[in-house]
Every structure is written in structure tokens, then in C-alpha cells.
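Inspection log for the structure reproduced underneath, given as C-alpha cells.
The values are calculated or read from the model by the stated rules, or taken from the named source; none is laboratory data. The model shown is predicted, which means the values in this text are computed figures rather than measured ones. With ideal geometry, Cβ positions are generated from the backbone for all residues, glycine too; neighbour counts draw on all protein chains shown. These accessible areas exclude ligands, DNA and RNA; they are computed on the full protein's heavy atoms, side chains included. Shrake-Rupley method; radii C 1.70, N 1.55, O 1.52, S 1.80 Å.
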Amino acid sequence: MFEPKFPFQFVGNDLAIDFVNTRILVRDELVDLIETPEALSAWLEAAGVTAAGRWTKEWLASASALRQAIRDALTSKAAGKAAPGEAITVINDHLAQSARQMRLSVAGDGYALAPAQEHLSPEAVLGLLAQRAAELLVAADPRSLKNCANESCVLIFKDVSRGNKRRWCSMETCGNRSKAAAHYRSSKA
């Protein structure tokens, strides 16, 4: 079984954002958490997406291009700008493969919408990720799409906090580091 060198981050409050967050900064170096087909399969499993078949290097390249397109589109929306045309084209290409048959289910005290198929082909998985990104681009308030306030972090998230005041990808990591640094500075003063 594949074990990632660094843990997958699920702090984005959205599947498409969590997919984008598979590229992280480690000691100021950009690290790709899904640089192999096995790593992509492991991330999908951790994200709760059941894929059928095997991921190839070609599918991995397609997934990486989609991930970059989603990042470009979401960061453009967050900045109040139009997404680059190339990003929209890549998302649309995968959106055409989206699982069209969906199933509504009760999830806790809310609802969940998921593909009707239990196991998705690589095409359908990428289509699902494109669909989630497109839904964000259409419906999300641009002010809710944020970059982590830590300058050494590249993660993004959808702020669903009351008052839209979330600043960190995670209080356990970046938020805690910031508070510890502020405390250290104040104790030195």
C-alpha cells in the first residue's frame, strides 16, 4: 500500500480545493503529493472517491493539468478576476466527462450529492473534480476563497466560518505557528 511522504491535507472544505492542495510547501520547496499514479489513487481513497481501474502516467498528467487549471481559476475568482481561458478550457474538457447521474443522500443533518456509480473510471473521477470546481466558480462568494495567511503556505480553502474570518489553512499547523511566533516576539519585547 502507498504511504505518502507527507500527509494529505483536507482543509479546503471542498473536494476540488483539497485536490488543488496536493501541492504543498515544505521548507520553501514545492512538493507534489500526487506525483505517481499510486499516490493519486491513495489521495482519491483518502478523499472518499472510489475509482475503478488503474491510473496510468497519462491519466496522472491529465490530473495534474486539471489541478493547475482549478488552482488558476479559483485564485483568479478569489482576486475578483476572470479565470484564464486556458484554465476554463481544461476544466470544460474534463467537465464533459463528468458523472451525470448523481445520487442524493442524507449526510448527518444535511445532504450529500455523489455520483450514482459506485466506482468511477479515471475519466469520471477527473470529470467529478472538474464539476466540483465549476460549481465553486459559479456559486462561491469570491471572498470565501482564500489563501492561507502564512506566507510559507500555498494551501487554499473555502472559508465557511461565521463572519468569514478564517485566516489559516489549519489552526493546528499554520495558525499555531503564527500564534507561537507572535508570543515569542511579545516575550522578547
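Remarks
- Subset of the range 21-45 that is farther than 16 Å from VAL125 by Cβ and acidic (Asp, Glu) - its residue that is least open to solvent (accessible area, probe 1.4 Å): ASP32
- The set of residues in the range 2-24 being within 8 Å of the chain's Cα centre (by Cα) and under 16 Å from LEU136 (Cα atoms) consists of GLY12, ASP14, LEU15, ALA16, ILE17, ASP18, PHE19, VAL20, ASN21.
- Only a single item in (1) loosely packed, with under 13 Cβ neighbours inside 10 Å; (2) in contact (Cβ under 8 Å) with a residue 40 or more places away in the chain is not met by ALA61, and it is number (2).
- Residues within the range 116-148 that are touching a strand residue (DSSP E or B) at 6+ places or on another chain (Cβ under 8 Å), part of a helix (DSSP H, G or I) and hydrophobic (A, V, I, L, M, F, W, C), tallied: 4
- Considering only residues in the range 153-189 that are assigned to a loop (DSSP other than H, G, I, E, B) and modelled with pLDDT under 85, the one that is most open to solvent (accessible area, probe 1.4 Å) turns out to be ALA189.
So that you can scan it fast, the table gives a plain yes or no per residue for (1) open to solvent by less than 60 Å² (accessible area, probe 1.4 Å); (2) modelled with pLDDT of 90 or more:
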{"residue": "GLY80", "(1), (2)": "no, yes"}
{"residue": "GLU86", "(1), (2)": "no, yes"}
{"residue": "LEU120", "(1), (2)": "yes, no"}
{"residue": "SER144", "(1), (2)": "yes, yes"}
{"residue": "GLU151", "(1), (2)": "no, no"}
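- ALA112 passes every criterion in (1) of a type in the set (A, V, I, L, M, F, W, C); (2) modelled with pLDDT of 95 or more; (3) open to solvent by less than 50 Å² (accessible area, probe 1.4 Å); (4) not in a loop (DSSP other than H, G, I, E, B) apart from (2).
- Selected residue (only one of ALA134, ALA99, ALA140, ALA124 is open to solvent by less than 50 Å² (accessible area, probe 1.4 Å), farther than 24 Å from PRO7 by Cβ and at pLDDT below 85): ALA99
- Listed by first and then second residue, the pairs with beta-carbon distance under 9 Å, at least 6 apart or on different chains, first residue in the range 46-58 and touching a residue at least 24 places away in the same chain (Cβ under 8 Å) and surrounded by 11 or more Cβ atoms within 10 Å (Cβ to Cβ), second in a loop (DSSP other than H, G, I, E, B) and small (Gly, Ala, Ser), are ALA51/SER121; ALA52/SER121; GLY53/SER121.
This table checks each residue for (1) farther than 27 Å from ALA82 by Cβ; (2) over 16 Å from the mean Cα position of the chain (by Cα).
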site	(1), (2)
ALA140	no, no
ARG143	no, yes
LYS146	no, no
ARG162	yes, yes
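- Residues considered: ALA65, ALA61, ALA83. Of these, the only one that is touching a Lys or Arg at 6+ places or on another chain (Cβ under 7 Å) and either over 25 Å from ALA112 (Cα atoms) or among the aromatic types (Phe, Trp, Tyr) (or both) is ALA83.
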